[in-house]
Every structure is written in C-alpha cells, then in structure tokens.
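S.K.: The structure's right below; bear with me while I get my questions together.
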Amino acid sequence: MNTDRSDYRILVVEDNPGDFALVEDFIFEQIEAPVIVQAKTFKTAKEILTKKRNDYTTVLLDLSLSDHAGEPLIHEIVELCGDIPVIVLTGYTDFAFGVKSLSLGVSDYLLKEDLTATSLYKSMVYSSERKKIISALETSEQDVRNFANQLNNALEAERSRIAREIHDEFGQQLSGLKMSLSSLKKSKGVGHDIEKLIDVLIVDVNTSIASVRQIANELRPVLIDKLGLFAAIEWLVNEFENKNRVKSQLYKDTDWYGIDEKLEINIYRICQEALTNIAKHAKATLVKIRLENRVDQLSVTISDDGRGIKSSTLHNPLSMGLLNMKERANLIGAALNISSSSDSGTLIELIVNKNGQKNINSR
C-alpha cells in the first residue's frame, strides 16, 4: 500500500497508553514518516503549544485527561492551537456534544470505538485542507475590509473637501452678494419698487445661504470637528425632527469628547442612515436615541414606535440602507443589532469597542 510522504508533525494529547499506541499504529499505516509527539496532560500540551506551536500540523485531542477534561479543555486547546487543526478523539457518544464541539472550533470529532486508520487519515487531510481554505478566505475577507476602509476614508476626505469648497466659495459669494444688495438698497435714487425687488432678492439669497450650509453639513458635519460627536448628532436629530414633524428624544450619560475621529464619523453616518430610514419608511411618531460612553465601549441605541421593518427586508443582504449601516459597523469592528416588529417598531443597537477590537456579536 502506498503511504503519504507529506510532512506530518502530530501532537497527540492522550494519557491512555493503549489508545496512544493504537493511534500511533493507525498513523504509521497511512503516513510514511510522521513526527509524533505525545502529551499525557493538559499542562504538558500547553507548554508544548506555547513554545513550539508552529512545529505541528495537527493536534489529536482526548477529552478525558487527568488534569483537564470536556468543554473547558476544548476551549483552551483550540485557543492555544490557533490555525492548527484540532481533531477530537473520544469515547463520548453524546451526539449533541459532538456537534457543539465543532461549533467551538475543533475540525473533527471522532469516536474511538469507530476509529480506523483510514478514517483518522482522511480526517487529518480534510481538516488540514479545510483550515487552509478558511485561512485563505479570512485573508481575502480582510483584504476586502481593508479596501472598503480605504475607500470609505477616501470618500469621507472627498466629502470634507467638497463641503469646505461649497461653504467657502459659494457661501462667501452669496454673503458678498447679500452685502451688495443691502448696499444697493441704501443707495440714493433707489425707488420703492426697486427696494421691494431687492428685499425679495435678499430673502432668496438668505435661503440659498441656508441651503449651502445644509448641503455642506450633510456632506461633512462641521460640528464633529468643532464640538464633537454628540453635538453633531444633536444637530442631526433637530434637523430630523423639524423636517419630519416626528417627536425625538436624545439622551447621553456622560461627555462624548476625545473619541477617535474614525469612530465618530462612522457612528454619525450610522445614526444619519437610521434616521433617514425612519423618515422614509417607519411612519413613527416618536424616536428615542440614547448614547452611552462606557469605560471600554460606546453604545448607541435608536428606537422608534413605527410600523417596523418587514422580515424580508430586514434579512435582505441587498437592502441598501441596512447594508450601509452594517458595512460602516464592520469598518469599526462594531456589533450592529437590529430587531423589529409591527407592534413595537424598530430597535437598532450599536456597540463599539474603544480599543478597536472587533465585536462579532452582530445580527
């Protein structure tokens, strides 16, 4: 029989001499020159994996060691192994526990009583290939996130530039035009009809100035740079309330100063998108926004008493408003949880770790 000549370095975490001897025989049946190391206790396995984790291609784990066992053992070994496949070899016949073990990060769950040289070899090969594919997929996903982050940063920079140009150029020109009209109105020889026309023009210019400021603020809220995130959200909520005639309540538990600029702009954009969706679809009469600045986290909760979001829309990956919020949450490693019903409206919860660590509890 042909044997596999690939490089296999296997750590067998097993304290039963008979079981270890059987596993060793099975491995040598299928692999020509494997390196096999035994760890009889969790303590020994931990020392080996801490110092020489990269020396191993596979870890075979028994769940009944003298110094550790069961689910807690799986948690610690999986964490110690990192990208190394962990295959559980056990006498436990509990199917539910086997399924749960896979969810905890092990690559396979094999019963000792059903173990053969072929089944063990296939498990090691499949587990190794699966880990490589998962690692490549994670790298690809990280590349996509990095690109999205760069694209978002470029977009915000361009928005900021355009907002400044609109404010500085058009704003100043309109202000200059207003001053000229006021001076013209005070000039000698201007008749009553011309004065009335100038007054109308001044009103139009004032409206244009307000529109320019509105557009500039929507492109890049100047209040974030000057007064911080809470002031910008407060302005956003006031604008929402005035435009849509929806009662709004804004709460905060403490000061919101000194927050990372990237977090600020993305939290603001998520709030902006949430309020836009409420205005378009919710038919709400009351919106509540709560901001909490905790020791290591920022929390933003937005709730309304509207008609809720249809389940098909809530779980539609192409729903643009929800997608935009989820993408921005992902850019800052935040958890974004959205729940909705026709009876109680919609609840949006955003949890951001200040240290930048990714929060994966999104749904």
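Where a number appears in this text, it was derived from the coordinates with a stated rule and is not lab data. Since the model is a prediction, treat every value here as computed from it, not as a measurement. A quick note on method: Cβ atoms are made from the backbone with ideal geometry, for glycine too, and the neighbour counts reach across all protein chains shown.
S.K.: Classify segment 182-341 as rounded, prolate or oblate, taking a ≥ b ≥ c as the square roots of the eigenvalues of its Cα gyration tensor: rounded when a/c is under 1.5, otherwise prolate if a/b is larger than b/c and oblate if not.
M.R.: Verdict is prolate for segment 182-341.
S.K.: Can you compute the radius of gyration and Dmax for the chain, using only the Cα atoms, both in Å?
M.R.: 31.3, 114
S.K.: Mind ordering 173-185, 329-341 by average Cβ neighbours within 10 Å, highest first?
M.R.: With the highest mean Cβ count within 10 Å placed first, the list reads 329-341, 173-185.
S.K.: In straight Cα distance, which lysines are under 19 Å from LYS40, not counting same-chain residues fewer than 8 positions off?
M.R.: LYS51, LYS52, LYS112
S.K.: Check the straight Cα-Cα distances from LYS252 and name the lysines below 18 Å, setting aside those fewer than 8 residues away within the same chain.
M.R.: LYS288, LYS354
S.K.: How about segment 140-183: which GluC sites (Glu not before Pro) there lie in a loop by DSSP and see at most 14 other Cβ atoms within 10 Å?
M.R.: none
S.K.: Take every DSSP beta bridge whose two residues both sit in the chain, then give the antiparallel share in percent to the nearest 5.
M.R.: 50 percent
S.K.: Can you give the Rg to Rh ratio of segment 205-300, both from alpha-carbon atoms, with Rh computed by the Kirkwood formula?
M.R.: Radius of gyration over Kirkwood radius for segment 205-300 works out to 0.98.
S.K.: Starting from the eigenvalues of the Cα gyration tensor, five times each then square-rooted, give me the equivalent ellipsoid semi-axes of segment 127-214, largest first, whole Å.
M.R.: Semi-axes, largest first: 60, 10, 5 Å.
S.K.: So the label point goes 7 Å from the Cα of ARG130 along Cα→C-beta, right? Which residues of segment 38-75 then have their backbone N under 15 Å from it?
M.R.: Counting backbone N atoms under 15 Å from the label point, the list is 58-61.
S.K.: Just to be sure I understand the rule: take each whole DSSP H helix in the chain, project its Cα atoms onto its long axis, keep it if the span is 27 Å or more and its mean Kyte-Doolittle hydropathy is at least -0.5. Which ones pass?
M.R.: Those that pass (Cα extent of 27 Å or more, hydropathy at least -0.5) are 192-219.
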